[in-house]
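Single-structure report; data block below.
The values are calculated or read from the model by the stated rules, or taken from the named source; none is laboratory data. Source: prediction; values computed, not measured. FYI the Cβ positions are ideal-geometry reconstructions off the backbone, even for glycines, and counts take in every protein chain you see. For the accessible areas, the whole protein counts, side chains as well, though only heavy atoms, and no ligand, DNA or RNA atoms are used. Shrake-Rupley method; radii C 1.70, N 1.55, O 1.52, S 1.80 Å.
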Amino acid sequence: MTRRRALLLATALAAPALLPGLAQAQAAYPNRPITIIVPFAAGGPTDVVTRLVAEVMSRDLGQPVVVENVGGAGGTLGAQRVAQARPDGYTLLLHHIGMGTTPSLYRRLSYDAVNGFETIGLVTEVPMTIITKKDFPANNLAELVKVLRERKAEVNLANAGVGAASHICGLLLQSAIQTQLTTVPYRGTGPAMTDLIGGTVDVMCDQTTNTTQQINSGSVKAFAVTTSTRNAALPNLPTAAEAGLPGFEVSVWHGLYAPKGTDAAIVNRLSRALQVALREDRLVARFAELGTAPVSQEMATPEAHRRYWQADIAKWRPIIQAAGQYAD
Ligand code: ASP
């Protein structure tokens, strides 16, 4: 065999060995289970949304999509875990409005809260409700405000830590009624709800994805929904404006992220699976029972999600700086 033929033969033999390796790495994604980190405790509203989405995504992706709860520090522990994970598409984050507030509230984070993630798509925007333990001595928002103003720091207000949606909503409530309550932080509003039902804490603001069933079953008392219109799953509940707190509006957007540097083909594959999940009939029906709806297909894309997230960071920065309240 001539040298040249030997070289050609060697190249021909090596090529298929190399190429399928490369092609497989891309084409075969995903070839093992994917983990979605929820940065709050199990049983809470972010957890509920994530599990519903994960189940349908797993069918579309042909691999288990498992949910792991990494709660604490207002969601920053879970976010950090994902920011520092390998950008291989197997560790994702489903977080909420905290992705918009955290960069301003926390001035010392060990991950990049502004640029440390690839966006996959928005998921849903969920209204919040103002609720209390069921024997709290108030029967409408005006009465609740009166009791909170009288009892002040004797009242325990549960939340999921600084930067959590319940924290933001609680701050808005305290500033709207000019009263300082005692804040009790949890790793998520799932366990906070257990304590509210048990009567250990008094008041909470939380997403309808955690409160609808408890309100409808009478396990807690509800006073208002924090959107400009009433919620179809809680038609008898007035808006905060109707009940006497005009301008009191907060809703909680959620999005799916991968670590920075994840291959665009993988991000797009995940985005397609998310879009499929958000159109699935049973998921849409379950979201509706929980007082919410999936975002449109256009919003469940990496580009729309990135724009929304960055605009939210820019929206919260001056508000948080003006309030001068930081987590550290
Ligand atoms: N609802 C929580 C919050 O206040 C978080 C959760 O447990 O999902 O941000």
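Numbers below:
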quantity	calculated
Listed peptides 98-107, 255-264, 119-128, 319-328 by packing density, highest first (mean Cβ within 10 Å)	119-128, 98-107, 255-264, 319-328
Accessible area in square angstrom per residue, the chain, 1.4 angstrom probe	44 Å²
D (Stokes-Einstein, µm²/s), Kirkwood Cα radius, the chain, 0.692 mPa s at 37 °C	157 µm²/s
Qualifying lysines (Cα of each under 25 Å from Cα of Lys134; at least 8 residues distant if same chain)	Lys146, Lys152, Lys221
At R0 = 35 Å, FRET efficiency that the Cβ-Cβ distance of Gln297 and Glu68 yields, to 0.05	0.80
Sulfur and carbon atoms: percent of accessible area, region 202-328 [1.4 Å]	52 percent
Helical contribution to [θ] at 222 nm, DSSP H n ≥ 4, -39,500 (n - 2.57), averaged over the chain, rounded to 500	-14500 deg cm²/dmol
Degrees separating the helix 141-151 axis from the principal Cα axis of the chain, which is the longest one	80 degrees
Additional length obtainable on full extension of the chain from Ala288 to Ser219, 0.36 nm per residue less Cα span	22.8 nm
Quarter of the Cα convex hull surface for region 127-225, i.e. its orientation-mean projected area (nm²)	5.3 nm²
Computed label-point distance, nm, for sites Arg279 and Thr229 using a 7 Å Cα→Cβ extension	2.4 nm
Cross-link partners of Lys315 among aspartates and glutamates (Cα-Cα below 15 Å; sequence separation of 8 or more within a chain)	Glu249
Cα-projected label distance for Tyr326 with Val114, points at 7 Å along beta-carbon direction, nm	1.4 nm
Estimated distance in nm for a label pair at Asp263 and Thr179, the labels positioned 7 Å out from Cα along Cα-to-Cβ	5.7 nm
